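Engineer: One structure follows; several queries about it will come next.
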């Protein structure tokens, strides 16, 4: 299963968010989507499975145009984990994961759906929380439940919107580990929007750097160089090597806005990001 | 309700040999939890049905002429004295069934509106839809089509109902616009509901000012909801619409469950959020309109019943809706019986009583938010 994005464009009204985005992702590959706030990561993810209808361009899932697929069929093929969500009413872990079977089921969940939910809950080690209200769980467990809802439909493309940004260190690793394993073991195409460059460098097979709605660079983790980081984030960084992995140490915010980050100077200026 | 969960690594939990037990524990725990939930749902469902039946029987028995419970059962079966049969079949039963169906309809409409708008405060009354429907019905009366509850043989009642539905849809349309294009918060929606409700109430007052005495009487009838004037035909018509509405929401229950996760997630799962929202609100408004045009404004049943059920069985629409219908019916029958007897021989309109009951709960929900779950 491959994902192929060609010349994708999207605008909220007059405000252009994405322009001429070209991107491909292979099955069994986790692609990290990197870029500062407002660079269009979430919008790009949501344009891939028509949560937003793109204004131009095509998205192909295994050769089929997404715009021509039936929405249910699209939902079967592409799973999505939102950045954050707040239900108005309490729902248990079981009920929430069961939602993910919607594109497969009829009007009411059947035996196959229930078996799939049981399997997913077991896989994610959430059995003890089956009847617990999702809102009462810790952030890490909540994220696992949302991941479970996307996985229970066994999609061939998995889109994740900043799955680690609200989590503590252990859960950041747990969730990325889970996602990475699932993608490789099941031959799924994974695309993850992520802020943490080190997590991206560690778990993603390739990364795409987004800047102002355009792809600045795509490639293996080695595209994360001090130069690209300065250009995209406006941050001075040092790249070190630790046990064969890239380790990005941020030094300071770049005072002189570079070309790519010119539009982002101002309020972002002077904000240090230390890890 | 005790819910012991199996803890990993607790040796006391494993009875069979260690290895297969470990493999099965996850699924077993899930199933065990599911069995508990199912039992609980069945217990609540049968319990509330029993309450509904008992409340209905009591409602038939109690009144200005007391009919002992045994005689009620006998009369229902076709026995008893002719007077008792007349009281039970012609006076009490239509009223009781009218209350059950109206209560069920309002409760289902309320539960559906809460789900569709993702708003715990949503209900026909709090969103101003009830007031709009009553205004629509009043306009039809003043234009000379008679009241819905009086002459069912003529075209009048249908026109009144249609007018009630159209006015209800004005209110509904405004709410849908706010939700779809302004991403309105629950609070905004309720404030809008208050404004719309006042607007239509003012409209009713204006109509009364210019209406004749008989018309005023007919209009006032809608402002104090009263299940007493519904005859057999009205009950049958209401039942048909309420049942159809309930069936619609049950068939789409899973979709509406998914919608609660939020628009983006629901869309990613192939659920057509916008069209389901419009359809759901239209069906809920139609149910509201038919109930209101036959029995008048009865507030807060649509708010109270779903919340009682949500507290007892949680949020799955498939369970929530039918049980909510039963609880709504029981609530309105009980309230109506109380309204008939509390100041006997004066018969209070039940709408007054439900407002006394619902207003405190509404305030409680506003103050406590969702903490009571």
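Engineer: Rounded to the nearest 10 degrees, what's the angle between the helix B:301-313 long axis and the longest principal axis of chain B, both from Cα atoms, 0 to 90?
Structural biologist: Once rounded, one gets 20 degrees.
Engineer: Then there is this: Nearest 0.05, what FRET efficiency do residue A:62 and residue A:225 give at R0 = 35 Å with Cβ-Cβ as r?
Structural biologist: Working: r = 33 Å, r/R0 = 0.94.
Using R0 = 35 Å, I get an efficiency of 0.60.
Engineer: Related question: How big is the Cα convex hull of region A:121-175 in projection, averaged over all directions, in nm²? Each step should come with its number before you reach the end.
Structural biologist: Values: hull surface 16.2 nm².
Reported value for the Cα convex hull: 4.0 nm².
Engineer: In percent, what relative contact order does chain B have, based on Cα pairs under 8 Å that are 6 or more apart in sequence? Each step should come with its number before you reach the end.
Structural biologist: On the way: 560 pairs, mean separation 100.7, N = 373.
That works out to 27 percent.
Engineer: Of all beta bridges DSSP finds with both residues in region A:3-224, what is the antiparallel percent, to the nearest 5?
Structural biologist: 55
Engineer: Let me ask something additional. Pick out which of B:175, B:363, B:292 has the largest mean-square fluctuation in a Gaussian network model of chain B, springs linking Cα atoms closer than 10 Å.
Structural biologist: B:363
Engineer: Rg over Rh of the protein assembly as shown, using C-alpha atoms and the Kirkwood radius, what does it come to? Could the numbers behind the result be given before it?
Structural biologist: Details: Rg = 29.4 Å, Rh = 27.6 Å.
Radius of gyration relative to Kirkwood radius: 1.07.
Engineer: Consider a paramagnetic label point 7 Å from the Cα of residue A:245 along Cα→Cβ; state which residues of region A:154-181 have an amide N under 19 Å from it.
Structural biologist: Within reach of a label on residue A:245, which here means backbone N under 19 Å from a point 7 Å along Cα→Cβ, region A:154-181 contributes A:162-181.
Engineer: Nearest 10 degrees, 0 to 90: what angle lies between the long axis of helix A:111-123 and the longest principal axis of chain A (Cα atoms)?
Structural biologist: Once rounded, one gets 50 degrees.
Engineer: List the relative contact order of chain A as a percent without decimals, with contacts defined as Cα pairs under 8 Å and 6+ residues apart.
Structural biologist: Details: 540 pairs, mean separation 62.6, N = 275.
Result for chain A is 23 percent.
Engineer: Now for a different question. What percent of all Cα-Cα pairs in chain B falls in each 20 Å bin, counting up from 0?
Structural biologist: All Cα pairs, binned at 20 Å, distribute as 28, 52, 17, 3, 0 percent.
Engineer: Compute the angle between helix B:93-117 and the longest alpha-carbon principal axis of chain B, please, reported from 0 to 90 degrees and rounded to the nearest 10.
Structural biologist: It works out to around 50 degrees.
Engineer: Rounded to the nearest Å, what's the spacing between the alpha carbon centres of region B:109-145 and region A:173-188? Just the number, please.
Structural biologist: Comparing the Cα centres of region B:109-145 and region A:173-188, I get a distance of 49 Å.
Engineer: Here's a follow-up. Given the options B:302, B:128, B:144, which has the most mean-square fluctuation in a GNM of chain B, springs set between C-alpha atoms less than 10 angstrom apart?
Structural biologist: B:144
Engineer: Output the antiparallel fraction of DSSP beta bridges having both residues in the protein assembly as shown, as a percent to the nearest 5. Don't skip to the end; give the middle numbers.
Structural biologist: Values: 28 of 45 bridges.
Percentage antiparallel, nearest 5: 60.
Engineer: Next question, about the same structure. Select from A:221, A:54, A:90 the residue whose mean-square fluctuation is largest in a Gaussian network model of chain A (Cα-Cα springs shorter than 10 Å).
Structural biologist: In this elastic network of chain A, the residue with the biggest mean-square fluctuation among A:221, A:54, A:90 is A:90.
Engineer: What length, rounded to one decimal in nm, is gained on full extension from residue B:177 through to residue B:69, with 0.36 nm per residue of separation minus their alpha-carbon distance? Walk me through the intermediate numbers first.
Structural biologist: Working: separation 108, 0.36 × 108 = 38.88 nm, distance 5.11 nm.
Gain in length upon complete extension: 33.8 nm.
Engineer: Could you work out [θ]222 nm for chain A from helices alone, using -39500 (n - 2.57) per DSSP H run of at least four and dividing by all its residues? Round to the nearest 500 deg cm²/dmol. Don't jump to the answer; show the numbers that get you there.
Structural biologist: Details: 8 runs with 81 residues, N = 275.
About -8500 deg cm²/dmol.
Engineer: What FRET efficiency do you get for residue A:11 and residue B:195 if R0 is 51 Å and r is their Cβ-Cβ distance, rounded to the nearest 0.05? Provide the component values of the computation, followed by the final result.
Structural biologist: Values: r = 34 Å, r/R0 = 0.67.
Result of the calculation: an efficiency of 0.90.
Engineer: So for A:107, B:89, fewest C-beta neighbours within 10 Å to most, what's the order? Intermediate results must be reported in sequence, preceding the final value.
Structural biologist: Numbers: A:107 12, B:89 16.
Fewest to most other Cβ atoms nearby, the residues stand as A:107, B:89.
Engineer: Using a Förster distance of 30 angstrom, determine the FRET efficiency expected from the C-beta separation of residue A:170 and residue B:187, and round it to 0.05.
Structural biologist: Values: r = 37 Å, r/R0 = 1.24.
Efficiency, rounded to the nearest 0.05: 0.20.
Quick note: the coordinates plus some simple rules give every number you see, no bench work behind them. Everything quoted here is computed from the prediction, not taken from an experiment. Here Cβ is always computed from backbone atoms with ideal geometry, including for glycine, and neighbour counts include all displayed protein chains.
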